[in-house]
Structures are given as C-alpha cells and as structure tokens.
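Trainee: Handing you this structure, nothing more for now.
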C-alpha cells in the first residue's frame, strides 16, 4: 500500500489542510502540534477503521472545539492493483465516498464504500503488517514481533524450500516427548529413571546383604570344621606340654638343693670375711688414736700463741671507747640546754598569739550580742504588727470613700434649725436637749428626726429619699473603714500610717542585725564562740602563772617569733653535733666488743685444745690396756686364713650350679608351664567357639538363606538389566533430541537469515560494523550484539529499544514492499530518546530503507530528521495559513 | 540287579535369567524329575536309586525345598533313595541332611550315605559311599573310600562325587578322583560300578564301561552336553548294561547368528518357531552383522514376540555385535526433509562409522527416530 495524499477538513484543530506524499522514499511532514501533525496520523487510522455513523467518544473528540461541523478525512492511496480516493465525514451530514480510479473506475458511497475498501485492503494489504509498521509517538516503543503473514511469505519464498512441514512438527513433538520421559527440563534424571535406579540400588543392597549373611554362615560352617580338626591337635599339644613340664620339674628340684648348699657356704664365707674386716678395723683404729694424739698436741700449741697475741689490741680499743663516751656526754648536755631555751621561746610565741586571738574573738562576741538584742526588738515589733502597705492603701481608699459619702450626705440632707424663743426642754431624736432663749440648735436630717416639745407637740422631720440613700452609703462606708481599721488594730488612717512606718523600720533593723550576726559568727555558734574565748583566756592565765620571771617575756608576738626562729637554728646545729658523736661512740663500742670476742674465742680454743689432747692421751692408754698392739696383729692373721678356706668351698658349689644351667632351666620350666596353660586355654576357647558356632548354625542354617540370596541376586540382575536398558534408552533419546534440536535451530536460523540480514544491514548504519541481532521464533527481536557484547533486548536502554524497533520495521517493510505491496512505515515523531549523534545515523538508515518502501514521518521537531538525506519535506501550513488556503 | 544312577539334582537352584513367573516352574520341574526317577525305578524293577551328590543346591536352601524333595522321594515308598552329600551340600556342621526338617520328615526309603562303611542293599549288593564332609576335602575321597576293601562276594557299587583327574587340568587339586586306581579296582574285581556325580553331562568314563557320570536330570546351564538323563544300570558281576533315560524337560539353547539379509532373519525366525515346548526353553542369542533400520525393526518385533513365549530369553552380550545402519531405502521410506533429514543423515553417518565409540548409540538413535516417525498416532 502507498499513501499519495491526505486531506483533513474540520478535523480537530485543522480547518482545511492537504498533504501530497511521494509513492516511494521518505516523506517528512513537519508542522507544529497545533497544526494537526498528529491529527494526520489519527485521521489515517480512523478513515479505514470507523464507519461514518460512528459516534464513539474519540470520533466526537475530532470535532473542532466550539464549532458544530462534521470532521472529514480524504485519502488518496494505492494498494496492489487498486488506486482510490476515499473520503469520510462523521457527526454532521456523515458520509463515506469511494472513488476507485484503477484498474477500473468505481464509485460507491456509504456502507458499500466502507465495505469495498475493506475488501480491497483484505485482498491487497497485510493488515497485521499495517499495524506492525506504525510507530506512534510515545507509545509502542517496545519492539513488536514481526510474525506477519507477508513477512513469513517473503521468507518462505527466499528460503526456497519447505524447511519445516507439519509432519516434522509431529516428529519433533514425539522426540521431545520421548526425551521428556527420561530427562527433566533442566536435564536431570526423570522420575521414572530415578525410581528404577532406586529399586535397583535397593535390590543390590538386599542381595549384597543376603550374600554377606550367606558367606558368614558358610564361613561359620568352615570354621566349625576347622575347630573340630584343631581340637585334636590342641589335645595332643596339651599332653606333650604336661609331659615336658613333669621332666623339667624334677631337674629343677635338684637345682634347688644345690642352691641351698650354696647359700650356706656363702653364709660361712661372709662370716669369716666379717671377722677379718673386724680385725682390720681394730688395727686401723689403733693407728688412728696415735695420730689423733699428735694432732691435738699441735692444735693446743697454736691456740696458746693466739691468746697471747690478742691482749694489746683489746687495751687500745677500750681507751678509744672511753674518749668517745666523754665527747658524747658533753654534746648531749649542750643540746639539752638549747632544747630547753627553744621550748620556752616557742611557748612565749604561742602565748602571745593566743592573747591576740582572744581579743579578736571578744570583739566579735560583743558585736553579736548587740545585734541579737536589736533583732529581738525588731522581731517583737514585727510580731505585734500585721500591717502591710497594701492594707494601708485599702484603709486610705475606705477613708476617702467615707469622706466622699459624708460630703454627699451633707449636701443632700434636710436641715432643722430650732431657735428657742424662751428656754425650753425638748427631745431631739430621743435625746433630751435644753435650749436657752435665743439659742439655736441646728441639725442635719439625713433620714428622719423626731423632735418632742414637751407637752406641746411632737415634730417629725423626714428627709427626702435621695438624702436617705446618701446617708445609708455613708453608714456603709464608715462601717467598711471601721472593719479594716479594727483588722489591724488601729483606729483611723493616721494610726495605720504610723503603724506601717514602725513595721518597716523593724524589718530593716532585723535584716541589719541578722547580717551582723552572720558576719561575726561565720561557721560558729555563739556558744562555741564563747567557749573558744573562755578556752583562750584560761590558757593565757595558766601560762602567765607557770612561766618563771626570767628571762622576761618578749615585748610582743613578732619579737617572740624572731627569737624562736634563732633558737631553732642553734638547736639544729647542736643536734647534728650530738648525732655525730653518738655515731662515733657506737663505732668504738663495736670495735671494743669485736676485740673482746676475739680474745674470748682464742681463750676458748685453747681450753678445748687442752681438753682434746688430754682425751686422746686417755683413749690411747685405755686401748692399749685392753689389747696390746701385738695381740691385734695376731688376730688379723687368723681371720685371713678362715676367709681363704670358706671361699674355696663356695667356689666348688657355684661351679656345680653353673653346670646344672639353672637360669636356662628356670626359663624352660616357665615356658613349658605357660605352654601347658596356653594349651588348656586354647582347648577351652576352641570348645566354646564350637558351641557358639553350632548354635548359630542350628538357628541360621534353617533360614533358607541360599534360596533367599539366590532369588535376591536374580532380582538384582533383572533390575540391573532393566536399569541399564532404561539408561541406554535415555542416552539415545538425548542424542536424538540434541541432534534434531541442533538441526532444527540451524534450519530456523537459515529461514530467518534475510530478515536478520536486513536488520543487521540497517543497524550497522546506526551502531557500526559490529552490530547484529538474533531473532526469536516469532520473528521478534531477542538479542542484540554490539562490540562482542550480547544483551537481551529487555536489557537495552529505552532509546536503543526504540531505535531497534524502527530499524526492524524498516527492514520488514523493505522486504515485503516491492512494487505496491507491503505497507508504509509511519513514524509519528519517534526517536525522542535518541541523542543527536544517533539521530544522524538513524537518518542514514531511514534513508537507506526508503529506497525500498514508503516511509512517512510526522514530526513537530524539524531538526530531528534533518539527516534523512533523500527525504522530501512537506510543511503543514499553520491554521491561519490553511484558513487562507 | 538293576538300580538308577542319578546325581546333581541341585534342588533349590535359582537362575538370574528366570523371572518371577518362570522360576517357580523351573523349581517344580526339578521336583517332577525326582518323582519321575522314583516312578522309573519302580517301573524298571530297580532295587534302589543312588543320588551321587549335590542333591541340594546348598546346605542353606529354603527348608520348604527340603520338605518338597522328601515328599517327592516318599511318593514311591518301595524305591530306596541313597543320597550322597556332595560339594554343594557337604556333611559339615551345617549339613542340610542333619537339619531338623530333613531328620524329622525323612521317609523310610530315604537314606544318607554318611560314611564309607559298606552298606548291604538287597541281595549281595554293597554300596560304598564317599561323602563330602566339607567343601574343601584334601584327598581323593572315592579312592580313600575304596582303599583297604577286603574282597567279598557282594557286587559293590561305589557312590562318589567330584572331578576325575583325567578331565581336570588342575592337577594340583588334591581332591581329584584318580581314574586309574578305580579302573584297577574294577579290573581286580574289588568294585563293580562307580556311580559319579558333579559333571552335569551324561558321560561314560574310562574303558571299563563301569564308571559313569549320570549328568543332571534337569539341565542347569547352556554348556552342558547331553543333560536331562538318569542312568538305568543293570549290574552283574560279569557284565553291566547302562541305559540313558530322559527325565528332564527344560532345555537351554545358546546360538550365534550372522545377520545381514532378510533371509538370515527368516532363518532365525524359523529356528525359534521350531523349538518345542517353548515355555521350558531358555534361549540365549548372539547376533552379529549389519542390518538396515527396517530389518532391525523386524528383528526386534520378532524377538519381542518369542520372548513372551519362551521360558527365558537372553541376549548373548559377548557374542552380539549387530550394526544398524539405515540404507537409502530406509531414508526414503521415512520421507523426511529439511532439518529432520539432516539430523537423520548425521546420525546415520555416526552409526556407520567404524571408529566412532558412539556408533551403537547413534544406531539406536536412528532406530528410535524411525520408530517415532513411523508411529501412527498411538503408542506402540
């Protein structure tokens, strides 16, 4: 299909506009949004889709605002062998008009026209393609599938062979089903295989278990036979061992007798040896006694010489010690005198300090006393008076109210003036009065007043109502004043003021007294202060009485301090001198003691040496008295002869024992005894084992293990065969599936090749030479490869997806649109996401595609498609221009 | 004097190629053989039956087998059965002949030869047994049993079990029975017949005609020559007549075929068709050669059919090397095109390749493709 011309009247914002489009190549229709650029696309869609009678909302939306006119679209197009002009108007005077100009003239209106257009489009236009090639602004940016009949047909034609028939689909499904019998979708073993494998393993385990049991049983039978044969051998061993034991035991008895004799000979030899040793000992001791006497004599002479040498040193040491003692005594006395003087000076200094302290404390005490009296007086005043300045203000206000009420009463009250013409008695207000002649009594009457002229008349003067009210207010004011005054124990305002002044004075005095007390007491109480004063006075008095008259007390405290300081320095000097002489004395004393000890030791040594010499002499004398030196020599010679005789006897016996080979005999006897015991043990073990095996065979032998094991082994082999067979079939199914799948995919790739090649070709304009795409089975874009990196289409940026979508549409249209076939690619202001560089390359791709199909681009952004080199640009006139047109 | 010489009943034997259905029939057939032996002995007026070892497959057979065997022998109470313990059922500590079932249910006409003391059976006949006391004897038991025998007027039948030294390459085996010694004893008139067991094929040994292996009364394996017999022995001092009597009904057949043409397949089919009593036939086939897809399909279908009929069918794996290579007829018949045809050609190429280790699998894959493509709708 090709669009040649579109005309809009009263369509949205467009009053009247017509655009001519070349049949091939790229046409860019530029115009502002208001001039109906998008209306053109919408009109193109609606004119083929909606009946003129339609009153759908989006049809109504195409009516210009505020104008009751029918929106109208007229399209001139060709599709296949047809060329026609098609016009529709909606809402007002709706109509459809079709005029077919080729291949033969037809003119139709209304519904017939609509149906005729549909039928000729069905005949010549792939409607799915028509929809697929449309790129709307902002919508359907995603890449659609291109599984459209016309593309399929083109690809089929170019593949030139029946690549995939329906039969092969059936075969493929069966191969897949066969594969699925053995393999899961993720390539693992199917449940059937796993189950058989499990059964085989179980059967193998069962067979192995039974086989082991059977082997164990057979082994037990063999072992029992072995045990029986072994038993007779063991019995023979036992007899032999016992016999040999008997023979060796007899030989051993003889050895024991010889050993006894040897022991006795040894005893005799030892006794003779002991006697000889004793004689040797006696002889040696005699020699030692003579040596000891000689040594004692030498030691004694040496000790005497040491004692004689010690005496002069002792005399010198005593003399030096005495001198040191005299020095030390004199130093000590000087120090004692100085110490006594120092103590007195220090006591004087402290005494004078106490005197000063006592005076200061006494002054603070006097101030505190005065302040306490002042405080008590002020407290008394404050306790008796409850008045405050506020109360005085209130009393003053009440007083003023009384004064004002009084004035008003007097001004408004009646006045009675009685002038006596003669002396007279009369009662006024119940009170007796006596008036002299010409005396006048005047009285204001605020309320009423009775005047009684005795025995003459009673007069009642009554004030007016206003005067009565004034009088009542006055009474109330007075009452108020009275109560306020009574509240603070005063009679009137002046007293109140006086009372307030007194109160304030007392407060001030209390504050002053409290401050004085706080300052002078600081952290003390009065009692403590007094106590301190008393303590100080007592100390002063005591010191004064105890101190001697001479030397006199220093003039003042400063003098006393200076004197004490001088004496302290003197005392320090004397103390050091005393310590030096004391130290010297100690050294001399120690030297003397050392000399004394040395002399005592020498004397002691001499004494000991004398005693030792005497003892040695004594020992030798006593020993010789017991046995003379000659007697000792004779007994030694006799003992030596006895030893020789005993040694000879013993040697004979030892030689006989060696001949009897006693050590090896003992070992052999032990060995043969062990062998006999072992034979017994082994025989018992053998019998026990036989019993156990007999019992085991008796029980397990009857279980039919051979039969069970044979059946289990048969089952194992059967399952093994089944298992191997199933596994083999699984591998075969996999091989078939894999091979078929590989060829199928290759065929598919060949089939898709022209479409893919066209997209790759266009894409290289935009993305460079490394660009390629992969298509899925539905002829949709699956993956894009660029610079060796392959990404799923979903992973690409919005801009790249949009570019790919347009490229795919252009490729599709280019393949299916030779002659007047296919459909135009209509791009409604897309590529909004593309950068200028990309736009430039896209322009080149669009231009390239435009050589094979019709491309219509609607845009309100003229620059966006400036790089489509061979494009024809149509400017939509603005509304005002179109009106003029 | 007539008696039956039999051996190697091996009652309780299991065979892995028998399924759960065939094994009980196989077991039952062996008991039938025992009953048939008793009946034959009675019919022929025999004095007794000697069973020369391996009466039972093992000392540990199911005790039901023992019960059934005793029952089968007891079915002919007039016929005495003398049972010799052999290498399968030696008279050791676990001997089946000393099992509770055997001892308790042994009929009077059944006796066990427990030692080599001569046993007088009937008029002037002595049996000399050479029982196996363990699985591993250290001497020629038969020779030992015969040594030191005094000459007597009785006809002596020696009952033994084991291999003869003349047949065994394993000359170091101390338990081999020395044939010459027996022939000397026969020649000297010390013994008159040696009834042997262990060899499953009926065999006349030596030159005297008096030393025989009876063979197994029911075949147990493929490589047995002339099994399924018992021997009817008519023994006199100066002559002996030994006659084979067939009691076995099961047969083991093992064959190897070269298959390359349809004719070969026809031949296999007619051979299988010709087998009698198919449910007692155990067949093992080795197939070598090269066949087309169609031939393989036909072969498979034919073998599947006979597998259902036979007692058991086994592939002789060591002797099977059948190459399935689709020929052009196969490929055309499949009527494939495009990718399916490409895949078929690839697999066919691999299937025909001599040096491709995956050739067998490729062949199977081709056959599978063939089957799936030919399948018409439903499952086969």
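Trainee: Is there a residue in region B:43-58 that is closer than 20 Å to residue B:200 by Cβ and free of Cβ contacts under 8 Å to residues at least 40 places away in the same chain?
Mentor: No, that holds for no residue.
Trainee: For region B:285-296, give me the residue count where each residue is in a helix (DSSP H, G or I) and within 12 Å of residue B:265 (Cα to Cα). Talk me through it step by step, then tell me what you get.
Mentor: As a first pass, look at region B:285-296 and keep what is in a helix (DSSP H, G or I): B:293-296.
Checking which are within 12 Å of residue B:265 (Cα to Cα) leaves us with B:294-296.
Residues meeting the conditions: 3.
Residues are listed down the side, and each one gets a yes or a no for (1) buried (at least 19 other Cβ atoms within 10 Å of the Cβ); (2) facing chain B (nearest Cβ under 10 Å):
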residue	(1), (2)
A:710	yes, yes
A:739	yes, yes
A:742	no, yes
A:747	yes, yes
A:768	no, no
A:771	yes, no
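Trainee: Can you tell me which residue within region B:39-56, out of those that are buried (at least 23 other Cβ atoms within 10 Å of the Cβ) and within 22 Å of the chain's Cα centre (by Cα), is nearest to the other protein chains (Cβ to nearest Cβ)?
Mentor: Filtering region B:39-56 for residues that are buried (at least 23 other Cβ atoms within 10 Å of the Cβ) and within 22 Å of the chain's Cα centre (by Cα), the one nearest to the other protein chains (Cβ to nearest Cβ) comes out as B:56.
Trainee: Of the residues A:729, A:691, which single one is surrounded by fewer than 18 Cβ atoms within 10 Å (Cβ to Cβ) and at the interface with chain B (Cβ under 8 Å from one of its Cβ atoms)?
Mentor: Only one candidate passes the filter, namely A:729.
Trainee: Mind listing whichever residues of region A:840-877 are at pLDDT 75 or above, more than 26 Å from residue A:45 (Cβ to Cβ) and assigned to a helix (DSSP H, G or I)?
Mentor: A:840, A:841, A:844, A:848, listed by residue number.
Trainee: Can you confirm whether residue B:333 is more than 14 Å from chain A (Cβ to nearest Cβ) and over 36 Å from the mean Cα position of the chain (by Cα)? Lay out the reasoning, then the answer.
Mentor: On the way: more than 14 Å from chain A (Cβ to nearest Cβ): no; over 36 Å from the mean Cα position of the chain (by Cα): yes.
No.
Trainee: Name every residue in region A:748-765 that is under 22 Å from residue A:172 (Cβ atoms) and within 58 Å of the chain's Cα centre (by Cα), in order of residue number.
Mentor: Answer for region A:748-765, where residues must be under 22 Å from residue A:172 (Cβ atoms) and within 58 Å of the chain's Cα centre (by Cα): just A:749.
Trainee: Continuing with this model, one more query. Using the structure shown, decide if residue A:717 is within 8 Å of chain B (Cβ to nearest Cβ) and closer than 30 Å to residue B:363 by Cα.
Mentor: Numbers: within 8 Å of chain B (Cβ to nearest Cβ): yes; closer than 30 Å to residue B:363 by Cα: yes.
In short, yes.
Trainee: Give the residue that is farthest from residue B:44 (Cα to Cα), with candidates limited to residues of region B:63-92 that are within 13 Å of another protein chain (Cβ to nearest Cβ) and surrounded by fewer than 24 Cβ atoms within 10 Å (Cβ to Cβ). Before the answer, list the steps.
Mentor: Going residue by residue through region B:63-92, those that are within 13 Å of another protein chain (Cβ to nearest Cβ) are B:63-69, B:85, B:87-92.
From the residues that got through so far, the ones that are surrounded by fewer than 24 Cβ atoms within 10 Å (Cβ to Cβ) too are B:63-65, B:67-68, B:87, B:91-92.
Working: B:63: 31, B:64: 30, B:65: 27, B:67: 26, B:68: 24, B:87: 30, B:91: 31, B:92: 35 Å.
Applying the filter and picking the extreme gives B:92.
Residue-wise test of (1) crowded, with 16+ Cβ neighbours inside 10 Å; (2) touching a strand residue (DSSP E or B) at 6+ places or on another chain (Cβ under 7 Å); (3) at pLDDT 90 or above.
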position: A:562; (1), (2), (3): no, no, yes
position: A:580; (1), (2), (3): no, no, yes
position: A:590; (1), (2), (3): no, no, yes
position: A:595; (1), (2), (3): yes, no, no
position: A:601; (1), (2), (3): no, no, no
position: A:610; (1), (2), (3): no, no, no
position: A:616; (1), (2), (3): yes, no, no
position: A:621; (1), (2), (3): no, no, no
position: A:624; (1), (2), (3): no, no, no
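Trainee: Of the residues A:285, A:228, which single one is over 30 Å from residue A:669 (Cβ atoms), assigned to a helix (DSSP H, G or I) and within 14 Å of another protein chain (Cβ to nearest Cβ)?
Mentor: A:228
Trainee: Can you tell me which residues in region B:250-270 are in a helix (DSSP H, G or I) and surrounded by 15 or more Cβ atoms within 10 Å (Cβ to Cβ)?
Mentor: Passing the criteria: B:264, B:265, B:268, B:269.
Trainee: Collect the residues in region A:82-106 that are touching a strand residue (DSSP E or B) at 6+ places or on another chain (Cβ under 8 Å) and surrounded by fewer than 13 Cβ atoms within 10 Å (Cβ to Cβ), keeping them in residue-number order.
Mentor: Residues satisfying the conditions are A:102, A:103, A:105.
Trainee: Something else: Do we find that residue B:318 is free of Cβ contacts under 8 Å to residues at least 40 places away in the same chain, within 30 Å of residue A:168 (Cβ to Cβ) and away from chain A (no Cβ under 14 Å) in this structure?
Mentor: Numbers: free of Cβ contacts under 8 Å to residues at least 40 places away in the same chain: yes; within 30 Å of residue A:168 (Cβ to Cβ): no; away from chain A (no Cβ under 14 Å): yes.
The answer is no for residue B:318.
Trainee: Please find, among A:344, A:367, the residue that is part of a helix (DSSP H, G or I) and out of contact with any helix residue (DSSP H, G or I) (no Cβ under 6 Å at 6 or more places or on another chain). Steps first, please.
Mentor: Working: A:367 fails: out of contact with any helix residue (DSSP H, G or I) (no Cβ under 6 Å at 6 or more places or on another chain).
Matching residue, one of A:344, A:367: A:344.
Trainee: I'd like to check something: does region B:83-95 contain any residue that is in a strand (DSSP E or B) and closer than 21 Å to residue B:118 by Cβ? It would help to see each step written out before you state the result.
Mentor: First, pick out the residues of region B:83-95 that are in a strand (DSSP E or B): B:83.
Now restrict to residues that are closer than 21 Å to residue B:118 by Cβ: B:83.
Looking for residues that are in a strand (DSSP E or B) and closer than 21 Å to residue B:118 by Cβ, one finds at least one in region B:83-95, hence yes.
Trainee: Restricting to region B:297-328, what's the tally of residues that are part of a helix (DSSP H, G or I) and out of contact with any helix residue (DSSP H, G or I) (no Cβ under 7 Å at 6 or more places or on another chain)?
Mentor: Final tally of qualifying residues: 11.
Trainee: Moving to a separate point now. Limited to region B:133-160, what total is found for residues that are touching a strand residue (DSSP E or B) at 6+ places or on another chain (Cβ under 8 Å) and within 14 Å of chain A (Cβ to nearest Cβ)?
Mentor: 0
Trainee: Pull up region B:96-108, narrow it to residues that are assigned to a loop (DSSP other than H, G, I, E, B) and in contact with a helix residue (DSSP H, G or I) (Cβ under 7 Å, 6 or more places away or on another chain), then point me to the one that is farthest from the other protein chains (Cβ to nearest Cβ).
Mentor: Here the answer is B:107.
Trainee: Let me ask another. Restricting attention to region A:773-804, which residues are buried (at least 22 other Cβ atoms within 10 Å of the Cβ) and either free of Cβ contacts under 8 Å to residues at least 60 places away in the same chain or within 19 Å of residue A:853 (Cα to Cα) (or both)?
Mentor: Matches in region A:773-804: A:773, A:784, A:803, A:804.
Trainee: Let me ask another. Mind counting the residues in region B:113-124 that are surrounded by fewer than 20 Cβ atoms within 10 Å (Cβ to Cβ) and on the phi < 0 side of the Ramachandran plot?
Mentor: Restricting attention to region B:113-124, the residues satisfying the condition of being surrounded by fewer than 20 Cβ atoms within 10 Å (Cβ to Cβ) are B:114-115, B:117-120, B:122-124.
Now drop any that are not on the phi < 0 side of the Ramachandran plot, which leaves B:114-115, B:117-120, B:123.
Matching residues across region B:113-124 total 7.
Trainee: Right, another one. Restricted to region A:24-71, and to residues that are in a loop (DSSP other than H, G, I, E, B) and under 23 Å from residue A:842 (Cβ atoms), which residue is modelled with the lowest pLDDT?
Mentor: A:32
Trainee: Of the conditions (1) surrounded by 24 or more Cβ atoms within 10 Å (Cβ to Cβ); (2) touching a strand residue (DSSP E or B) at 6+ places or on another chain (Cβ under 6 Å); (3) at the interface with chain A (Cβ under 10 Å from one of its Cβ atoms), residue B:59 clears all except one; give me its number.
Mentor: All conditions are met except number (2).
Trainee: Still on this structure, please answer the following. Tell me, yes or no, whether region A:475-487 has at least one residue that is surrounded by 12 or more Cβ atoms within 10 Å (Cβ to Cβ), more than 25 Å from residue A:389 (Cα to Cα) and either touching a residue at least 24 places away in the same chain (Cβ under 8 Å) or out of contact with any strand residue (DSSP E or B) (no Cβ under 6 Å at 6 or more places or on another chain) (or both).
Mentor: The answer is yes; a qualifying residue exists.
Trainee: Ok, one more. Only one of these conditions is not met by residue B:4: (1) more than 14 Å from chain A (Cβ to nearest Cβ); (2) in a helix (DSSP H, G or I); (3) in contact with a helix residue (DSSP H, G or I) (Cβ under 8 Å, 6 or more places away or on another chain). Which number is it?
Mentor: Single failed check for residue B:4: (2).
Trainee: In region A:694-705, what residues are at the interface with chain B (Cβ under 7 Å from one of its Cβ atoms) and part of a helix (DSSP H, G or I)?
Mentor: A:694, A:697, A:701, A:702, A:705
The values are calculated or read from the model by the stated rules, or taken from the named source; none is laboratory data. Computed from a prediction, not measured in an experiment: that's the story for all the values here. Every residue, glycine as well, gets a Cβ built from its backbone with ideal geometry; the counts of neighbours run over all protein chains shown.
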